[in-house]
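The values are calculated or read from the model by the stated rules, or taken from the named source; none is laboratory data. As the structure is a computational prediction, the values presented were derived from the model and not from experiment. With ideal geometry, Cβ positions are generated from the backbone for all residues, glycine too; neighbour counts draw on all protein chains shown.
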Amino acid sequence: MSDTPTSAPAGRIVVDGLPIPYETGDTVAVAIMRSGGHPKHGGTVCLGGDCPNCSAIVDGVPYVRTCQTAATPGLMVRRHPAVGNPSFPAVAQPDITRTPVTDHVSVSRASADIVVIGSGPSGVAAATSASADGHSVMVLDAHDGNEVVAIYGGPTVIVRRPEGMLHVHALRVVVATGAAEIHPVCPGNNLRGIVTARAAEQLHAAGINLGNAVSIGNAPVGVPCTPITGIIVRFEGSGSVSAVVTVGDDDVEVTTPCTTAIVGLGLAPRDMLSRMSGGLPVGLVGQAAEKFALPPCPTAGTVCPCSRVEVEDLEGVWARGFHELELVKRASLCGTGTCQGGVCGPHLRAFVAHHSGAEPEMFTARPATRQITLAEASADTYTDVFRRSPLHDEHLALGGQLDRFGGWWRPWNYGNHEVEYWAVREAVSLGDVSTLGKLVVSGPDAVELLERLYPTTVADIKPGRSRYVLLLNERGHLIDDGMICRETDSRFVLTFTSGGAANAEMWVRDWAETWGLQVHILDRTMSLAAINVTGPLAATLLQRVGLVDPPKFLQHRHDTVAGVPCHVMRLSFTGEASFELHHAADRSVELWRALMEAGRDLGIKPHGLQALFGLRLEKGHVIVGMDSELDSTPRRLDMDWAVKMDKPDFLGKTALVRTASLPDHRRLFGFTMEGRAPTEGSPIWSDGNVVGHVASSFTSPLLGHAVMLGWLKHTPFPERVQIDGREASVAQPPFYDPKGRRARA
Amino acid sequence: MNEFVETLLEMQWHEPKSSYDVVIIGGGGHGLATAYYLATKHGITNVAVIEANYIGSGNSGRNTTIIRANYGIPESVRFYQRSLELYAGLEDETGCWIMHATKGLLWMAHTETGMRAERARALINTACGAETHVVGPQEIKQICPQIDLTGSGRYPVLGASYHVGAATARHDRVVWAYAQGAMQRGVTVLQHTKVTGLLREGERVVGVETDRGPISAGVVMSAVGGNVTKIAAHAHVRLPVRTHALQAFVTNAYGLDFPGIISDSELSCYVSQTPRGQMLIGAEFEPQPSYSMQSTFNSLASCAKKISSCLPFLRELRVLRQWTGICDVSADFSPIMGFTGVDGFVISTGWGTWGFKGIPAGGQQMAELIATGTTPDLIAPFALDRFERDHSMADLGSAGTR
């Protein structure tokens, strides 16, 4: 095929490194064929977007159907390799300070009552009648640059356009995509020079001379060619078609020389969009809904050009007992390639119908029909966001190494966690605990709610006092922990772990509603920041900034610190005297800086999570989710002291009563060992068997040896175990300040 | 004929009978593997496998074909390591080419807590017989050059655990290998037969009711996926199982240049390249329980976004096909295998998103349980009564994805 240039080309594209001229209106496929080439080395060309035989690498993206891609100046096209698959696009190591250029695929959204896909006669008719009924209608057609990729629930129609993606939300979708032409399946059908009747019409209209063309079956309209009768037996030629061999009713083979073979072998419904949207309000009209006769059962040749499946493969599969469409498909891979059965579907069905005696339905289609890149699919999608505390920039300025933990960016350390550790143990240190969950619960039923939620008693907490509490689920398993601070008879402030806060809020609200209690629940997790002032000099520091009489252990009150109104809670997680200052998030930087300034000569330093994890481990304090597991009861955590089984009822009590008498083989113990701490997660061995694992470990700078919390899960629980190839002993926490004198100081 | 077809063995379909020693509901990997091991290891061949659709039409034909043993608790590591080893020998044993390839799996971490989990995984795996070690960013880059260690600037790669023995195999061919091996020895496989109820004598289950008539059985095993709670309800067994949809997708086929398997807890996605060259990408199961197999665009979009943050070259790859399966997820994210407390009715369920890798060991162990009437040690921790005993096999960090 070649043309006679009549005028200057509209422009050039580059195919396999060589410039190829194109005319106005050409697609890439047409431009390539205008120059006498084939977009994919061989195979029937349909120019209808139905087959894989014009796929190429366009501007770096493989598997682009060039018959659907307009030729534009300088477009870089590379054909797929003749054998094997295209390579991955080159890996670019991105500059981490920049978003990759390809990141930006724009997305627009639209809605219409009725979306009609296809603007052929049946599509126009459907659109006209829907409009007449007063519906808003949107018609999408690939020829207008609206390639419908898939229909999802909603229904939502995903469309690719030259300028980006379009997501259309519809009440109903009408698929009016017409019919595809059936490709020939016979020996030689991978040669160049075979086109469908519609493709021949398009090429002729584009002014392309088809040379010595013959047509078999339904002839193209207006295309000069020699019609020949009979059924195609094979195509002959080396690389390109040189002749077509047909057979008539007389069973005599006739060889007709040609340079182009035009095949008009009938139609098959182009119904993939409706086959992928089972259960959705998606209708099918026009030829897409028609039941066309299947082609004859194929006997030789390539049946599935995508997966390179030959008819003999289908026969081989059938002979091995794979006797239904799905099994034939899966075993031969016929229909599992790029066009998802667009080419092979009718032949595959004809094959199964012939061998089984029953005409099978076409298999379910899957998104996407017109393929999209991952970039196009994910355009306008955002990954998880991680919250920043109001002190984020303070941490960065102090050299903090920030890490994501429990949904927040948090300082892991500020360079050296041991320095931070000593500041807590010997002087004073600040920790950013803004991430803690914070709920205010008030109202006439507040006490009732908390008594039912928590396994400890609440009514006896006096206003101004606080208590450490566990939160259990109905199975009696620990899901969170925190503090209850009683402010008045009917008002409480609850705190939760950072990672558990979101769930805890839902938990509290859900149960309040379930029980129909009169309470108000206010989530102040985001509106309040919190700074933990901890260390033996913590009280001294606070006195310097205006807190004349700091509250005593487990007391709390509202006061002003460095001019900032704070809810001051006296507690201890680090093992030293600690004051949590809860305050309005917008005053946080001011408060932090004032404290750092006032504590300068006291040796104040901020501490990160790494130091905190070690500090609390020396005290044996459990971190929910790190030390506890999905089924950790208070008994297993050795925390029965935090449960009042003589309370009338609380969440989890029924389960705890039931399991109290069951044999239990799981227990969290403290361990000590000489030398450095083993890696967290290390197996715990006894008599050559794995009997548990280390949950948390820390090389205590103060004690000079390793301290650990770990699970033993085989009874009887051994006293001496091996960890990291060393001897370790069970030891009752706390490992540091066992009487809690410093924490209460 | 291409090599994929040439290497398939023949299916020998047998006519149905009215009674069998063992009836297995569900013609997926687990059901067929159990039948295979009953026949090959215990000489029990009077067995029927009943499948509502065609064999392998459920999750066995919808998974992401990953075989690994790098779990977080010893019982799981040991079980899946057995499975991994059985997989490695399956081609020799059955004569079927399942396209098994040992590839190694990188489980990446982007945070200190992520690294903590991977270090722990490596240690517990090693202690229980699965080869896993911790690797740093440079080693990761050597194993998988396509990885962007900056995670597109958002998810920097701090390290990974590298599970050396992880492999992939063609899911359908695993199903067929077991089906062929079982049928060859006389096992009947009934396709397109729906179990509509269980036959009972008093409390004991003595067979199944199907849409093609009743079939009596000495033992009935449920190996169904997706609808297990309905089957179990016929025996008045209540299961701590919820069913969730899980979606996955493949791209078009490319040259075989992607060496291993990449997993990521924080991004909750995973990817490998199929022998045909497609990139096979999966995600976490959907949070809300559902029996719907309708794929969603949101799932495709978010998974595509996440996976390409560490593998940016994927952005320019085209999605070929997206699909959905439904997974039975147990209360502790581990499978439930064994006796149910109802005579004549045993169960293998709760396979969630990790059933494919458990097929050989699950089938082997359930066959032994049925043949001997006692629970083998390897699966004793996974018995249904663990929930009553409050000894769950919780392994959220390992089982959630993949």
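Miscellaneous remarks
- Any hit, the stretch A:700-716, residues being away from chain B (no Cβ under 13 Å), closer than 24 Å to B:S392 by Cα and surrounded by fewer than 21 Cβ atoms within 10 Å (Cβ to Cβ): yes
- Qualifying residues in the stretch B:345-359 (those that are polar (S, T, N, Q) and over 29 Å from A:S378 (Cβ atoms)) - the one nearest to the other protein chains (Cβ to nearest Cβ): B:T349
- Residue check for A:P39: touching a strand residue (DSSP E or B) at 6+ places or on another chain (Cβ under 6 Å), surrounded by 15 or more Cβ atoms within 10 Å (Cβ to Cβ) and modelled with pLDDT of 95 or more: yes
- Filtering the stretch A:579-593 to residues that are more than 15 Å from A:A397 (Cβ to Cβ) and either assigned to a helix (DSSP H, G or I) or touching a residue at least 60 places away in the same chain (Cβ under 8 Å) (or both) leaves A:E580, A:H582, A:A585, A:D586, A:R587, A:L591.
- Residue that is nearest to the other protein chains (Cβ to nearest Cβ) [pool: residues in the stretch B:274-292 that are buried (at least 18 other Cβ atoms within 10 Å of the Cβ) and part of a loop (DSSP other than H, G, I, E, B)]: B:G277
Matching residues to (1) surrounded by fewer than 22 Cβ atoms within 10 Å (Cβ to Cβ); (2) within 14 Å of chain B (Cβ to nearest Cβ); (3) outside any loop (DSSP other than H, G, I, E, B):
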site	(1), (2), (3)
A:T369	no, yes, no
A:A375	no, yes, yes
A:T381	yes, yes, no
A:D384	yes, yes, no
A:L396	yes, no, yes
A:G399	yes, no, no
A:R404	yes, yes, yes
A:W409	yes, yes, yes
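- The set of residues in the stretch B:157-194 that are within 14 Å of chain A (Cβ to nearest Cβ), surrounded by 24 or more Cβ atoms within 10 Å (Cβ to Cβ) and closer than 30 Å to B:P137 by Cα contains only B:S161.
- Test: residue in the stretch A:673-685 that is free of Cβ contacts under 8 Å to residues at least 40 places away in the same chain and more than 24 Å from A:A611 (Cβ to Cβ): yes
- Where a residue in the stretch B:46-65 is within 11 Å of chain A (Cβ to nearest Cβ) and its partner, wherever it lies, is of a type in the set (K, R) and surrounded by 24 or more Cβ atoms within 10 Å (Cβ to Cβ), with Cβ under 8 Å and at least six apart: B:G56/A:R330; B:G61/A:R330
- Strands (runs of 3 or more DSSP E) wholly inside the stretch A:126-180 containing at least 2 residues that are farther than 29 Å from A:D26 by Cα, more than 12 Å from chain B (Cβ to nearest Cβ) and out of contact with any Cys (no Cβ under 9 Å at 6 or more places or on another chain): A:164-175
- Of everything in the stretch A:296-349 that is in a helix (DSSP H, G or I) and β-branched (V, I, T), the residue that is surrounded by the fewest Cβ atoms within 10 Å (Cβ to Cβ) is A:V311.
- When residues in the stretch A:306-322 are screened for being modelled with pLDDT under 95 and more than 8 Å from chain B (Cβ to nearest Cβ), 1 of them pass.
- Here A:M569 meets the list (1) in a loop (DSSP other than H, G, I, E, B); (2) under 22 Å from A:S498 (Cα atoms) almost entirely, failing just condition (1).
- Long-range neighbours under 7 Å by Cβ, at least six apart or interchain, first residue away from every other protein chain (no Cβ under 14 Å) within the stretch A:599-610, second among the hydroxyl-bearing types (S, T, Y): A:L602/A:T540; A:I604/A:S429; A:K605/A:S429; A:P606/A:Y414; A:P606/A:S429; A:H607/A:S429
- Whether a residue is in contact with a strand residue (DSSP E or B) (Cβ under 7 Å, 6 or more places away or on another chain), touching a residue at least 40 places away in the same chain (Cβ under 8 Å), part of a loop (DSSP other than H, G, I, E, B) and small (G, A, S) was assessed, and B:G27 passes this test.
- One residue from B:G72, B:G89, B:G58 being more than 23 Å from A:E680 (Cα to Cα), surrounded by fewer than 24 Cβ atoms within 10 Å (Cβ to Cβ) and not hydrophobic (A, V, I, L, M, F, W, C): B:G89
- When B:V224, B:V228, B:V271, B:V250 are checked against the criterion of being aliphatic (A, V, I, L, M), at pLDDT below 95 and either within 30 Å of B:G151 (Cα to Cα) or under 17 Å from the mean Cα position of the chain (by Cα) (or both), B:V228 stands alone in meeting it.
- Strands (runs of 3 or more DSSP E) fully within the stretch A:2-90 that include at least 1 residues being within 14 Å of chain B (Cβ to nearest Cβ): A:55-58, A:61-65, A:76-79.
- For A:T654: the one exception among (1) part of a helix (DSSP H, G or I); (2) over 35 Å from the mean Cα position of the chain (by Cα); (3) crowded, with 22+ Cβ neighbours inside 10 Å: (3)
- Among the residues of the stretch B:329-364, just one is modelled with pLDDT of 95 or more and acidic (D, E), namely B:D343.
- In the stretch B:310-344, the qualifying residues are those that are more than 7 Å from every other protein chain (Cβ to nearest Cβ) and over 30 Å from B:I379 (Cβ atoms), and the one that is surrounded by the fewest Cβ atoms within 10 Å (Cβ to Cβ) is B:L311.
- Looking across the stretch A:267-282, just one residue is among the charged types (D, E, K, R) and within 14 Å of chain B (Cβ to nearest Cβ), and that is A:R275.
- Condition met for A:S578 (farther than 30 Å from A:P734 by Cα and not β-branched (V, I, T)): no
Rundown of residues vs (1) within 41 Å of the chain's Cα centre (by Cα); (2) modelled with pLDDT of 95 or more; (3) outside any loop (DSSP other than H, G, I, E, B), yes/no style:
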residue	(1), (2), (3)
A:A677	yes, yes, no
A:V694	yes, yes, yes
A:M708	yes, yes, yes
A:K739	no, yes, no
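- Beta carbons closer than 7 Å, at least 6 apart along the sequence or on distinct chains, pair a first residue in the stretch B:210-238 that is without any contact (Cβ under 8 Å) to a residue 40 or more places away in the chain with a second that is not in a loop (DSSP other than H, G, I, E, B) for B:D211/B:T196; B:H234/B:G197; B:H234/B:L198.
Conditions tested, residue by residue: (1) touching a Gly at 6+ places or on another chain (Cβ under 6 Å); (2) outside any strand (DSSP E or B).
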| site | (1), (2) |
| --- | --- |
| A:I232 | no, no |
| A:F235 | yes, no |
| A:T246 | yes, no |
| A:D250 | no, yes |
| A:V254 | no, no |
| A:I262 | no, no |
| A:L273 | no, yes |
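- For the stretch A:216-230, filtering for residues that are over 50 Å from the mean Cα position of the chain (by Cα) and in a strand (DSSP E or B) leaves 3.
Every residue, every condition in (1) within 23 Å of A:V309 (Cβ to Cβ); (2) in the same structural domain as A:G301 (by TED's automatic domain parsing); (3) surrounded by 16 or more Cβ atoms within 10 Å (Cβ to Cβ); (4) touching a helix residue (DSSP H, G or I) at 6+ places or on another chain (Cβ under 9 Å), yes or no:
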| position | (1), (2), (3), (4) |
| --- | --- |
| A:L210 | no, no, yes, yes |
| A:S215 | no, no, yes, yes |
| A:P227 | no, no, no, no |
| A:I232 | yes, no, yes, no |
| A:F235 | yes, no, yes, no |
